[in-house]
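Everything on this sheet refers to the single structure shown next.
The values are calculated or read from the model by the stated rules, or taken from the named source; none is laboratory data. The structure displayed is predicted, hence computed values, not measured ones. For neighbour counting, all protein chains shown are included, and Cβ atoms are generated from backbone atoms with ideal geometry for every residue, glycine included.
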Number of protein chains: 2
Amino acid sequence: MARLVMKFGGTSVADVERIRNVARHVRREVQAGHQVAVVVSAMAGQTDHLVGLVREAAARHDLCEYDNVVAAGEQVTSGLLAIILQDMGIPARSWLGWQVPIRTNEAHGAARIMDIESDALRESLGRGEVAVVAGFQGIAGDGRIATLGRGGSDTSAVAVAAALKADRCDIYTDVDGVYTTDPRIVPKARRIPKISYEEMLEMASLGAKVLQTRSVELAMVHGVPLQVRSSFAPPETGGDDWPGTLVCDESEIMEQQVVSSIAYAKDEAKVTLLNVADKPGVAARVFGPLAAANINVDMIVQNVSEDGRYTDMTFTVPAGDLRRTLDVLATAKDEIGYSDLRGSEDVAKLSIIGVGMRSHAGVAAQMFRALAEKGINIEAISTSEIKVSVLIDADYAELAIRTLHSVYGLDATETA
Amino acid sequence: MARLVMKFGGTSVADVERIRNVARHVRREVQAGHQVAVVVSAMAGQTDHLVGLVREAAARHDLCEYDNVVAAGEQVTSGLLAIILQDMGIPARSWLGWQVPIRTNEAHGAARIMDIESDALRESLGRGEVAVVAGFQGIAGDGRIATLGRGGSDTSAVAVAAALKADRCDIYTDVDGVYTTDPRIVPKARRIPKISYEEMLEMASLGAKVLQTRSVELAMVHGVPLQVRSSFAPPETGGDDWPGTLVCDESEIMEQQVVSSIAYAKDEAKVTLLNVADKPGVAARVFGPLAAANINVDMIVQNVSEDGRYTDMTFTVPAGDLRRTLDVLATAKDEIGYSDLRGSEDVAKLSIIGVGMRSHAGVAAQMFRALAEKGINIEAISTSEIKVSVLIDADYAELAIRTLHSVYGLDATETA
C-alpha cells in the first residue's frame, strides 16, 4: 500500500463529466489499495471569471477580498468531486484550506504555505476516506482565506504530499508529460521520461506552464517524487504503465543531454529607467518598493555609465504587474531620481536548460551565435549554473525556439 | 446614530453594476452616521447554477458537500461588495459564516442558526467598518459549512440584527413592499404599509415569497423591526421617506382588516397513503421517518374510516421533497402498512390571513362559499387562529385568488 496525492488542474475538472473522469482515476488507485488525497483546481474558466468580477468591482482592490472571492472556485470543485466519489461507493470528503488547516503567511493574493496540520487529514485517510482538498488556498494568520497565486494548486498538492509523507505526488494535466519545448511551436518536440528537480525548477520558473515553480521547489526540498500525467488517458486501464514524466533526483537519471529543454515566456514586460544616478544604494531604492508591493523582478541589466554619473536600468516583471510596477516607480520618482520611465510588453524570454551545462563549456556562446545568424537581437541576458536566458523581441520568439531546439539536438527526428 | 442591518437578495446583487447600486444604499446610511452590517445573497442565478452542478454530480448527495458547494455563491458576493465599498472610500470587510462565526446545528442543507458570536462583528463596526456578512451560511458543530436552506439570507440578516441588537433590519428586495396578494395575479393588489409579525409569519409560511418564514419568526421573538424596501429605488435620495412595509408588533398597527392578505403556494405536493390501519401509533410511523429525513409535512387530512379498520391519509410536502418523501415511505412500507402510495404536484394551497379573524366569526365560511360558487373543489383544509388554508386543483389557483381578494375587500379600487 502506498500513500498518493493526485492533483487535477482546471481543464481536467472543467465540467461535471470531466470530474467524473477524475473520480475514475481516483477509484483506480483506491482499488489498488492505496491511500489517496486529491487536490483540485477550480473548473476551467472559473478563476478567470471570478478575477474578472473582482476587477470589474474595482481595478485596485483589497487582496484579502480578492482571495475571498477567487477561493470559491476550488471550493466548488472539491465538493463536486467528493459527491461523485461517494456516488461511486468510495468514502470521501472535501477539505477547504481553513478546514485542514493549511496555514499561509499574510501575503494575500500570492501567499506561501507555512505549515499544514495534517492530523485531521491522516485520520480521514486512516478511516479509508479519500480526502478531497481544495487547492490554491489556505488560511492566513489573520484568520482570512489566502490564495497561493495562479497555478497554486500544484503547490498545494506537493505541500499536502510532503505533510502526509506521501510516496508520490501525481500531477494530472492536459498533456502527457514534460516536453523538450512547447509542441505547439515545435512539432518535433519530445516528451522527457525523467527530469531532475533542478531542471524542472528552471523550466517552470522560465515559462514552461506544466508545473508551477514553487511546487517543484517544495518537491525538491522535501524529496517528493513528482509525476506529470495526462488526465485524458483512459482512467481504468492506466496505472503505472502510462507514459509521463517523472521529476526526481538527478542521481536517478542515467543519461543526460547537455541541454534538455527550451523554455519561453511571453508574459514578461520590460521596464527601463533612464538616467538613474550611478551610485551605491540606487538599486535598493528601485527594487525595495517593488519588493514591498510583492512584485517579482526578474532579469536586471544596468548599462555601463558613460560619464560615471548616470546610467540606464532595465529589468523585467510579470506583464500582469506592469501597470502596478509603473505606478510604484512613479510614486517613488523623487526618491529614486530618474529622467524617464518606460514599459513594454513586446518581449519574450527564451531559455536553454540542462544540468549538463555544468560540465560543458561554450553552451551559451553556441546559443548567441545561432540567434545572431538569424538576425535576432538580444536585449538582456541572465545565466545560472544550468540555464541561459535571453530577452528578445516577441516577434522572433517562435523562430528562435525552433532554431535552438534544432541546434541542441532535441528534434525528434535527429534523436529518435 | 442607529445600528442597522441591511439585507440584499439575489436580484439586487445580480451583477457588479447592481452591487455598486447596493453600495450606494449602504453609503447613504453610513453618511447618515449609522453603524451598518450588510447581509448579502448569492448573485441571482448562482445558487441555482451551483445546485444544478451538485445534482448533475449525483441526484442523491451528501448534504455536507452540497453546503460546501452552494455556500460559494454568497462568499463571492460578500467579497465583491466589500471591494466596491472600499473603492468608494468606505472601510469595509467581508465575513463568511465560519469567520463570524455563525453557529448552526448539523442539519446540513437546511440548518438552523443556534448562536452568533458577535464580538468580532461589533469590534469591526466599532472601528467604523461596514461588516459585509455572507448570508445563508454558518458553521456546524462538525466544523463544516452549513447552509440555512433556500431564502436563508433573510434569516441570516435577522439573526445578525438580533445578535447586534440592531435598531432595524431592512430587507431590500425587488419589490417595494408586502402586498395584499401577488400583483402579477391580481393587478388590484395593494401594498400594506404596516403588518404584524404574526400575519407576516403566516404569509411567509403560506407561500408569500417576499420574506422567509424563519426570518420573521426570529424577528418576532427578538423584537427586531423588519422593513421591506425596494433596492431599485434611487439610493441617494431615498432614506426613511420611501414607501415600504414595516413588519412590527400588532400593537403598533391602528387599523386592522379582518383579512389582510391572500397567500398561495404552488410548490407543494400532495401525498396519499391508501388503506392505512386506523389505530393509535400509525401517524407516528408515517411521520417519524419523514421528520428524520428533514421533510416538512404540512396539511394533514385523515379520512373517516368506513369500517373502523382502514383509512386513507393525505398530506402535503414541499414539491422539491416529493421524490424523497415517496422513497422514505416506500422503504418504510412494511412498518407503516398501506396498500398504495400516490403523489401529485398538481395542487395549490390558498390561504386567507388576518389577525382580525380572531374577533370575527364566519370568515372561513365566507371563503368556502365563494369558492363553491366558482365550482372549485376543496381537497384539504387547515386553519389557525389567524388564517384559513385550502388545497385546490392548481388549475383554479388564479381564479380563486382573484375571487377571494375581491370578496374580502382588498381590491385597490374598492378601498383606496
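Worth pointing out:
- Residue within the range A:31-45 that is over 22 Å from the mean Cα position of the chain (by Cα), part of a helix (DSSP H, G or I) and either without any contact (Cβ under 8 Å) to a residue 60 or more places away in the chain or not assigned by TED's automatic domain parsing to the domain that holds A:Ser153 (or both) present: yes
- For the range A:303-352, taking the residues that are surrounded by fewer than 19 Cβ atoms within 10 Å (Cβ to Cβ), free of Cβ contacts under 8 Å to residues at least 60 places away in the same chain and in contact with a Ser or Thr (Cβ under 6 Å, 6 or more places away or on another chain), the one that is farthest from A:Glu398 (Cα to Cα) is identified as A:Ser305.
- Residue within the range B:166-185 that is surrounded by 21 or more Cβ atoms within 10 Å (Cβ to Cβ), touching a strand residue (DSSP E or B) at 6+ places or on another chain (Cβ under 9 Å), within 20 Å of B:Ala37 (Cβ to Cβ) and small (Gly, Ala, Ser) present: yes
- Total residues in the range B:214-245, condition more than 17 Å from B:His25 (Cα to Cα) and surrounded by fewer than 19 Cβ atoms within 10 Å (Cβ to Cβ): 5
- Residue within the range A:383-405 that is in contact (Cβ under 8 Å) with a residue 40 or more places away in the chain, more than 15 Å from A:Glu202 (Cα to Cα) and among the basic types (Lys, Arg) present: yes
- Out of A:Val69, A:Val36, one residue alone is more than 20 Å from B:Ala134 (Cα to Cα) and of a type in the set (A, V, I, L, M, F, W, C). It is A:Val36.
- From B:Ala364, B:Ala348, residue being in contact with a helix residue (DSSP H, G or I) (Cβ under 9 Å, 6 or more places away or on another chain), outside any helix (DSSP H, G or I) and under 22 Å from B:Met200 (Cα atoms): B:Ala348
- Taken over the range A:48-69, the criterion of being facing chain B (nearest Cβ under 7 Å), of a type in the set (D, E, K, R) and either touching a strand residue (DSSP E or B) at 6+ places or on another chain (Cβ under 8 Å) or closer than 17 Å to A:Leu148 by Cα (or both) is satisfied by A:Asp62, A:Glu65.
- Single residue of the range A:182-215 satisfying the filter (in a helix (DSSP H, G or I) and without any contact (Cβ under 8 Å) to a residue 60 or more places away in the chain) that is nearest to A:Ser382 (Cα to Cα): A:Ser205
- The range B:105-148: number of residues that are within 14 Å of B:Ala72 (Cα to Cα) and either part of a loop (DSSP other than H, G, I, E, B) or of a type in the set (A, V, I, L, M) (or both): 10
- Yes/no for A:Ala269 being within 20 Å of A:Val297 (Cβ to Cβ), of a type in the set (A, V, I, L, M, F, W, C) and free of Cβ contacts under 8 Å to residues at least 24 places away in the same chain: no
- Residue match in the range B:27-38 (condition: in contact with a helix residue (DSSP H, G or I) (Cβ under 7 Å, 6 or more places away or on another chain), within 13 Å of chain A (Cβ to nearest Cβ) and under 30 Å from B:His108 (Cβ atoms)): no
- Search result, residues across the range A:306-327 that are modelled with pLDDT under 95, within 18 Å of A:Gly288 (Cβ to Cβ) and of a type in the set (A, V, I, L, M): A:Met313, A:Val317
- Number of residues in the range A:70-129 that are within 10 Å of chain B (Cβ to nearest Cβ), free of Cβ contacts under 8 Å to residues at least 12 places away in the same chain and under 22 Å from the mean Cα position of the chain (by Cα) equals 0.
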